[in-house]
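Since the structure comes first, as structure tokens, the remarks are kept for the end.
The values are calculated or read from the model by the stated rules, or taken from the named source; none is laboratory data. These numbers were taken from a predicted model, which means no experiment stands behind them. Here the Cβ positions follow ideal geometry from the backbone for every residue, glycine too, while neighbour counts run over all protein chains shown.
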Amino acid sequence: MPVITKRAVPDFLSPGFVSENDVSTAIAASQFVADDLPADATVRPTLSAAGQIAPDFIAPDHVAIIMDGNGRWAKSRGLPRIAGHREGSRAVRRTVEAAIQAGVSWLTIYAFSSENWRRPAGEILDLTGLLRRYLRSEIAELKQSGVRLRFIGDRGRFDSDIQSDLAAAERDTMANSRLNLTIALSYGARAEIAAAARAALAAVHAGCLDPDDLGEDTFARFLATAGMPDPDLIIRTSGEQRLSNFLLWQAAYAELVFLDVFWPDFDHVHFNAALKEFARRERRFGARND
Ligand code: FPP
């Protein structure tokens, strides 16, 4: 039987970003999920004084998201792929708001995989252009909202102006702690693990590390995610059910939730539904609870 307890209702990013209509949709969606829950579970949405909705259960500390389905979203509307990516970046904004609202401390999103460089040059140009615009238009607001930005992945493959913007975004938001937003860019987990192995070996050769001390915790300090908690919940949109080289080491005990929604349509209703599904899961980390 999952243990679901009430959590403190967090304050909100900015008053009024969820409309009344959104609130009723969210209540309907919450009800839908809550119907599956054991009778004694306390999972009910709470309306704040600001007319917004906060989940009434313990949220995972770290949520990671594989944002998938931009292309299919666009295709189903007869639009070019860039339209899906553009709408996808709006969904990123909504998701950051939803994460803050839910009291999630860490949000990691997979925006560009190392394999995405194999896409046609035009699409790469569209995606990097979107990233450039996102960095220039959103950072001030993210900073004001208490979001700390980090980037993982091979940023050296991006144009130098983007690399400067990434560094500036990290520097400008480093004092924030309300939400730790990590964007995976040109990221691949196998490359990350290989790089960590090389760094650990170099430390051994330099005499800074005794190979006998290279356990799991020490090795994790060589990963791009050093200092971050492992994801508790990984969400993938679009109905596909795989990790696609995302956080393979860190996902060891993550709960996986696959949603049948294309990323551009993703909003706080889907986010909260995934959190509710997470709250229902019994996590044993390989041990037994009986
Ligand atoms: C997967 O959809 C999504 C991507 C490859 C890119 C994700 C990018 C965004 C959400 C927008 C930009 C983000 C930021 C942070 C500015 P797909 O193209 O693989 O879709 P498909 O599987 O339906 O073809």
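Just a few scattered comments:
- When restricted to residues that are in a loop (DSSP other than H, G, I, E, B) and either modelled with pLDDT of 95 or more or of a type in the set (Lys, Arg) (or both), segment 267-290 contains 5.
- Every residue from segment 237-262 that is in contact with an Asp or Glu (Cβ under 6 Å, 6 or more places away or on another chain) and surrounded by 20 or more Cβ atoms within 10 Å (Cβ to Cβ): 237, 238, 250, 257
- Put simply, of 99, 74, 91 the only residue that is assigned to a helix (DSSP H, G or I), modelled with pLDDT of 95 or more, touching a strand residue (DSSP E or B) at 6+ places or on another chain (Cβ under 6 Å) and not basic (Lys, Arg) is 99.
- Screening residue 207 on (1) part of a loop (DSSP other than H, G, I, E, B); (2) touching a residue at least 12 places away in the same chain (Cβ under 8 Å); (3) more than 24 Å from residue 86 (Cα to Cα) shows it passes everything except condition (2).
- Residue that is farthest from the ligand (Cβ to nearest atom), among those in segment 77-94 that are touching a residue at least 40 places away in the same chain (Cβ under 8 Å) and either of a type in the set (Gly, Ala, Ser) or surrounded by fewer than 15 Cβ atoms within 10 Å (Cβ to Cβ) (or both): 90
- Residue in segment 194-206 that is farther than 29 Å from residue 252 by Cα and among the small types (Gly, Ala, Ser) present: yes
- The listed residue being assigned to a helix (DSSP H, G or I) and either at pLDDT 95 or above or not aliphatic (A, V, I, L, M) (or both), out of 183, 162: 162
- Evaluation of residue 287 against the conditions (1) touching a Ser or Thr at 6+ places or on another chain (Cβ under 9 Å); (2) among the aliphatic types (A, V, I, L, M); (3) without any contact (Cβ under 8 Å) to a residue 12 or more places away in the chain shows that the sole unmet condition is (1).
- Here segment 102-154 is the region considered, the condition is being surrounded by fewer than 16 Cβ atoms within 10 Å (Cβ to Cβ) and touching a residue at least 60 places away in the same chain (Cβ under 8 Å), and the residue that is farthest from the ligand (Cβ to nearest atom) is 117.
- Checking each residue in segment 233-266 for being within 16 Å of the ligand (Cβ to nearest atom), without any contact (Cβ under 8 Å) to a residue 40 or more places away in the chain and not in a loop (DSSP other than H, G, I, E, B) picks out only 258.
- Number of residues in segment 131-159 that are part of a loop (DSSP other than H, G, I, E, B) and under 20 Å from residue 189 (Cβ atoms) equals 3.
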